[in-house]
Amino acid sequence: MSTPPAGPATDTRTHCPYCSLQCGMTLERSGRALQVQPWADFPVNEGALCRKGWTATGLRGHRERLTSPLVRDGATGELRTASWDEALDLVATRMRALQAESGPDAVAVFGGGGLTNEKAYQLGKLARVALGTSQIDYNGRWCMSSAASAANQSLGLDRGLPFPLADLERTDLVVLVGSNLAETMPPAARHLDRLRERGGRVVVLDPRRTATAGRADLVLQPLPGTDLAVALGLLHLLDGAGAVDEEYVATRTTGFEDVRRSVAGWWPERVERVSGVAAEDLRELAGLLADAERAVVLTARGAEQHAQGTDTVLAWINVALALGLPGRDASGWGCLTGQGNGQGGREHGQKADQLPGYRMIDDPAARAHVAGVWGVAPETLPGPGRSAYELLEALGTEGGPRALLVTGSNPVVSAPNADHVTERLDALDLLVVVDLVLSETAARADVVLPVAQWAEETGTMTNLEGRVVLRQRAVAPPAGVRDELELLADLAARLGSPVPFGTDAAEVFAELGRASAGGRADYSGITHERVRAEHGVFWPCPAVPEGRAPHPGTPRLFAERFATPDGRARCRVVEHRGPVEQPDATFPLHLTTGRVLAQYQSGAQTRRIRDLPDTGPFVELHPLLAARIGAADGEPVVVTTRRGSLRAPARVVDSIRPDTVFVPFHWVGANRLTHDALDPSSRMPEFKACAAAVGLAASPDPTPEVSSAQAPVREQVAAAGVPA
């Protein structure tokens with residue numbers, strides 16, 4: 001790793017540690033102080049940041065930052081500090097012993113969508129080469145996997161946005177399906193404002209009238225889990241109005257006639273009965289799309305985190321294809337990726353069924369290519385493993401993994417049906433967590449390994465546009481904390497890996513490039529130097545023969561052909577089934593979940609930053625519902641589903657449907673409620689829809705759930721002797 005230049009003051013250009021925008025920022029270092037400053041000429045955010053970005057250095061020097069390994073003491077059951085040698089020897093010895101008893105798949109690996117490309121790549125290599133296990137997946141499976149599955153099926157390639165984000169300013173109409181862009185990635189919302197300033201229109205579909213809806217010209221509020229029905233009805237109207245681009249459909253797609261017949265029965269009044277979206281609003285949206293010369297349809301987690309998420313996205317891609325949008329200037333379909341490296345994290349080896357370069361692990365040619373780069377025999381590589389939730393559900397069961405290595409994830413908070421997942425974690429013989437702080441998951445671990453955070457390491461990320469960017473190290477990590485590439489290399493060696501693991505980020509990225517060469521996500525023409533000089537490089541970007549100009553990267557896809565064998569997009573027939581769990585007399589309401597502006601993911605980082613407001617969880621409900629149960633704004637209520645309950649203050653607003661309640665997922669409790677039904681294609685859990693009941697809390701309790709949940713964590717930090 002390169003060390004920051006010496007001297008009294010140093011500026012480092014890098015990127016925000018949070019969402020998939022990967023906003024550029026400058027870290028200004030003066031002595032021990034580290035402050036965030038703008039990076040005005042980075043094109044994605046032009047110097048703008050949300051409050052999370054501006055406060056991103058808040059964990060530096062935090063009293064809960066881990067600075068030495070922790071090992072659970074067999075006599076006391078408490079975590080105590082340990083040396084790196086003791087901790088890693090313990091991990092390697094116990095993992096090998098469990099594999100000797102129960103086979104290679106006795107050890108599993110669970111990664112994260114916030115890891116750099118280099119770390120994601122090495123984690124996949126660690127699982128398949130050093131451990132020989134097929135049991136690896138990551139929390140990005142819960143991010144945009146349904147959109148990825150749909151894009152692969154229809155367009156032949158999964159890249160969140162097939163065009164730069166700035167194209168939104170140049171289109172005529174943007175349709176946001178299940179996205180609260182203004183709160184989840186605020187710097188991107190300026191594109192909507194600029195679009196409207198030049199006369200363009202914005203449409204939002206969301207059960208809640210969010211801050212993003214405040215920027216919209218038309219807002220549709222469907223029931224959770226019915227976006228698919230809306231898309232079917234919309235295509236029915238577009239076809240009836242003669243708005244289908246028949247030439248485009250005939251020359252650039254297959255299967256549209258079957259899709260046309262399948263939507264014939266989805267008249268607007270039927271859509272209204274199923275989704276709650278007024279027939280006149282659906283007709284208005286159809287008219288806007290029919291009249292727009294250029295249009296963009298964007299899906300996000302609200303549409304995708306369902307057991308029918310893949311079909312929902314396919315239905316919206318069908319709408320875009322019917323209008324001839326994909327591949328045209330300032331038009332098309334895209335997905336608003338969530339996590340910082342949700343895109344790159346799955347492209348290079350963390351998913352159970354994939355090898356680097358978006359190669360499928362059961363493809364003999366792919367196995368041979370990657371094995372050749374790694375220097376191992378193809379037959380030594382394991383086959384496909386379990387997807388994220390299925391992996392967690394199998395922990396500690398007969399035939400399931402007995403040990404788990406977790407890095408960059410906090411499933412105790414983030415997994416669906418979280419109490420069940422927590423039980424499975426507790427059933428393990430060995431739980432090892434790699435993290436910056438003692439998260440809720442780390443607090444249950446047998447071994448905790450402290451690693452560098454974003455400002456203390458170098459590595460690439462791939463943002464929602466498919467733009468590979470470079471995070472650059474600005475400061476050294478605290479004494480006792482290790483760089484994760486070094487940790488993985490050390491662990492691989494102790495496990496007896498047949499090949500060495502690199503520790504220099506640029507060298508690891510170069511190896512990743514060779515492993516990805518020729519794959520769908522080809523990074524072989526990208527280097528750290530290019531990314532640094534060009535402010536990011538879009539993939540696919542294949543290497544070119546020496547002496548020729550470098551490949552420029554591919555900011556816009558599908559202009560001439562789709563990434564299918566015949567170059568045509570596939571229109572897929574899909575049918576609306578609705579959420580797996582429907583309301584009934586006992587649980588009469590729809591529950592949905594999502595984010596808030598100040599927090600990120602499970603909150604392990606943001607909830608510890610003093611300058612970010614943390615009011616804890618809340619339950620958003622309509623005044624009509626509040627009046628029915630006798631709840632007042634700010635008073636505690638209890639939301640219950642068939643899996644658990646959550647007590648939190650009521651937030652009474654008229655911006656949500658009267659039959660729906662909303663809970664943010666950043667705190668312990670929200671995902672105790674959510675359903676673990678899986679999409680059959682993407683294996684995405686149904687986070688966004690389940691049946692619920694809400695009532696007044698039985699007795700006053702001034703202690704917010706988040707505080708009580710965090711108390712054991714803080715007690716263990718103190719017990720372990722971690723310096724405050």
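The values are calculated or read from the model by the stated rules, or taken from the named source; none is laboratory data. Predicted model, so just to flag it, every value in this text is computed and none were measured. Don't worry about glycine lacking a Cβ; one is built from the backbone with ideal geometry, like all the others, and counts go over all protein chains shown. Just the protein is used for accessible areas: all its heavy atoms, side chains included, with ligands, DNA and RNA removed. Shrake-Rupley method; radii C 1.70, N 1.55, O 1.52, S 1.80 Å.
Set side by side, the residues Gly375, Gly327, Gly399 differ, and just one is open to solvent by 30 Å² or more (accessible area, probe 1.4 Å) and out of contact with any Ser or Thr (no Cβ under 9 Å at 6 or more places or on another chain), which is Gly375. Can you find a residue that is of a type in the set (S, T, N, Q) and within 30 Å of Cys690 (Cβ to Cβ) anywhere in the range 442-458? Taking every residue of the range 442-458 in turn, none turns out to be of a type in the set (S, T, N, Q) and within 30 Å of Cys690 (Cβ to Cβ). Exactly one residue out of Thr586, Thr593 is part of a strand (DSSP E or B), at negative phi and in contact with a strand residue (DSSP E or B) (Cβ under 8 Å, 6 or more places away or on another chain), and it is Thr593. For the structure I just gave you, tell me whether Ser516 is more than 30 Å from Ser83 (Cβ to Cβ), touching a Lys or Arg at 6+ places or on another chain (Cβ under 9 Å) and free of Cβ contacts under 8 Å to residues at least 60 places away in the same chain. So Ser516 fails the test. Entry remark, the range 487-522: residues being part of a helix (DSSP H, G or I) and open to solvent by 10 Å² or more (accessible area, probe 1.4 Å) number 9 in total.
Name the residues in the range 206-226 that are open to solvent by less than 10 Å² (accessible area, probe 1.4 Å), outside any loop (DSSP other than H, G, I, E, B) and closer than 21 Å to Gly309 by Cα, would you? Selection gives Leu220 alone. Exactly one residue out of Asp281, Asp258 is at pLDDT 95 or above, open to solvent by less than 50 Å² (accessible area, probe 1.4 Å) and of a type outside the set (A, V, I, L, M, F, W, C), and it is Asp281.
For the range 66-80, name all the residues that are hydroxyl-bearing (Ser, Thr, Tyr) and surrounded by fewer than 18 Cβ atoms within 10 Å (Cβ to Cβ).
Thr67, Thr76
Only one entry in Leu391, Leu336 is under 30 Å from Gly58 (Cα atoms), of a type in the set (A, V, I, L, M) and either buried (at least 24 other Cβ atoms within 10 Å of the Cβ) or within 17 Å of the chain's Cα centre (by Cα) (or both), namely Leu336. Residues in the range 408-442 that are part of a helix (DSSP H, G or I), open to solvent by less than 10 Å² (accessible area, probe 1.4 Å) and not β-branched (Val, Ile, Thr): Pro411, Ala418, Leu425, Ala442. Mind listing whichever residues of the range 444-454 are in contact with a helix residue (DSSP H, G or I) (Cβ under 8 Å, 6 or more places away or on another chain) and surrounded by 24 or more Cβ atoms within 10 Å (Cβ to Cβ)? Once the filter is applied, which keeps residues that are in contact with a helix residue (DSSP H, G or I) (Cβ under 8 Å, 6 or more places away or on another chain) and surrounded by 24 or more Cβ atoms within 10 Å (Cβ to Cβ), the range 444-454 yields Val448, Leu449, Trp454.
Within the range 13-31, if we keep just the residues that are within 23 Å of Arg610 (Cβ to Cβ) and part of a loop (DSSP other than H, G, I, E, B), the residue that is modelled with the lowest pLDDT turns out to be Gly31.
Scanning the range 523-549 for residues that are under 26 Å from Thr12 (Cα atoms), open to solvent by 50 Å² or more (accessible area, probe 1.4 Å) and part of a loop (DSSP other than H, G, I, E, B) yields one hit, Thr527. Restricting the range 550-593 to residues that are aromatic (Phe, Trp, Tyr) and closer than 27 Å to Asn463 by Cα leaves a set whose member that is most open to solvent (accessible area, probe 1.4 Å) is Phe558. Taken together, Val274, Val202, Val244, Val177 contain a single residue that is touching a strand residue (DSSP E or B) at 6+ places or on another chain (Cβ under 6 Å) and touching a residue at least 40 places away in the same chain (Cβ under 8 Å), which is Val177. Of all residues in the range 45-56, those being surrounded by fewer than 22 Cβ atoms within 10 Å (Cβ to Cβ), within 16 Å of Pro613 (Cα to Cα) and touching a helix residue (DSSP H, G or I) at 6+ places or on another chain (Cβ under 7 Å) number 0.
When restricted to residues that are of a type in the set (Lys, Arg) and either closer than 18 Å to Ala598 by Cα or at pLDDT 95 or above (or both), the range 32-59 contains 2.
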